[in-house]
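The values are calculated or read from the model by the stated rules, or taken from the named source; none is laboratory data. Keep in mind it's a predicted model, so treat the numbers as computed, not measured. In this analysis, Cβ positions are derived from the backbone assuming ideal geometry, glycine residues included, and neighbour counts consider all displayed protein chains. Only protein heavy atoms, including side chains, enter the accessible area calculation; ligands, DNA and RNA are left aside. Shrake-Rupley method; radii C 1.70, N 1.55, O 1.52, S 1.80 Å.
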Amino acid sequence: MGLSNIDDAHEADYLFENLQMLVEGLLCVPLNLPGMTYRRSVQAKTKVVQLLQKLIAKKLRRPATEMNDILDGLLAVEGGTLTREVIIDVMLGVTFAAYETTARVLTLIPKFLGDNPHVMKTLQDEHFRILGERACTEKITLTWDAYKSMTFTEKVVKEALRLVNPGDIVFREAMEDVNVDGYVIPKGWKVMPCFSPAHTDPTIYKDPLSFIPWRWNNKDTNNFEFTPFGGGIRQCAGKELAKLELSLFIHHLVTRCSWEQSEEDAMFKKGLPIYFKNTRRFQRELPPTSHRLEDQKVPSSLSTLA
Ligand code: HEM
């Protein structure tokens, strides 16, 4: 079930453009003056809200027979505390929270798999086993049990989340004085925990910039060393959906596609809106490319990694 089925490609583009603008305004100088990012972001939010209102009006004109998306679900229970204003607010919040997070991991998974053929091979073994002999002749519908049996895929998803960190920061307020390694965060202070340093800490993850799904064999994740979806009562409400989407994407990718990297170096945006192409010095460090296949005597030895 999607957030809200938008059939019209122009509306989808319009929503995407304005969401991008809205997000840019979240980390900028909050000056609502002409030409400032913040002002454009506020204007973009108004446009997104207007589009949601238009979608709602369109949906209400149709007979309410099917539940196609989250917006349908919210409209079906409208009334009481769930006012139209609240529905739009929830849609805005969920759209923002789901925006680019899953997509960013999906984008980098082909890179990780292309660089690590032994991971690709192990994934293909798992997914062709799930498809079984019917794979060549029948269209297979994946079941919940099939999803639950994707044990290696689960580790690939964790490893991708560890390295991509699409939701890297969260915001909290100290409810009391908190002592962190001798530094006191006074009650009432706002804090912004950032996860990627923990996710690439060599004392926790050996060879942290390498893509090694086997490191998750028997690894305890019931702690704050791995928090791609945040933590506590405000942790990501869509985390199970995101993991499902990522696993299904991997399933179709490894059973239907083959690919190779077309350029030696990728392009990455760094801080300012400037792109550096083919310039190693400015590139963001990614896990090393191509472990050669003949070097991959991995699974058993890697299972001992932290
Ligand atoms: C790989 C994909 C995703 C990642 C890494 C991710 C990560 C996060 C993080 C770090 C937070 C903040 C948690 C905190 O404050 O402790 C969050 C919040 C949230 N996410 Fe996600 N998210 C993903 C996908 C999604 C999807 C697909 C949805 C919904 C369809 C979603 C809905 C939400 C919502 C509603 C919140 C706010 C929860 C609250 O404040 O109570 N997320 N997410």
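Below is a table of values for the structure above.
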| quantity | calculated |
| --- | --- |
| Segment 223-263, residues that are within 16 Å of the ligand (Cβ to nearest atom), polar (S, T, N, Q) and part of a loop (DSSP other than H, G, I, E, B) | N223, T227, Q235 |
| Some residue of segment 152-171 being open to solvent by 30 Å² or more (accessible area, probe 1.4 Å), more than 12 Å from the ligand (Cβ to nearest atom) and either among the aromatic types (F, W, Y) or out of contact with any Phe, Trp or Tyr (no Cβ under 9 Å at 6 or more places or on another chain) (or both) | no |
| Test result for R104, within 16 Å of the ligand (Cβ to nearest atom) and crowded, with 18+ Cβ neighbours inside 10 Å | no |
| Looking only at segment 123-142, and only at residues there that are over 12 Å from R256 (Cα atoms) and modelled with pLDDT of 90 or more, the one that is surrounded by the fewest Cβ atoms within 10 Å (Cβ to Cβ) | R129 |
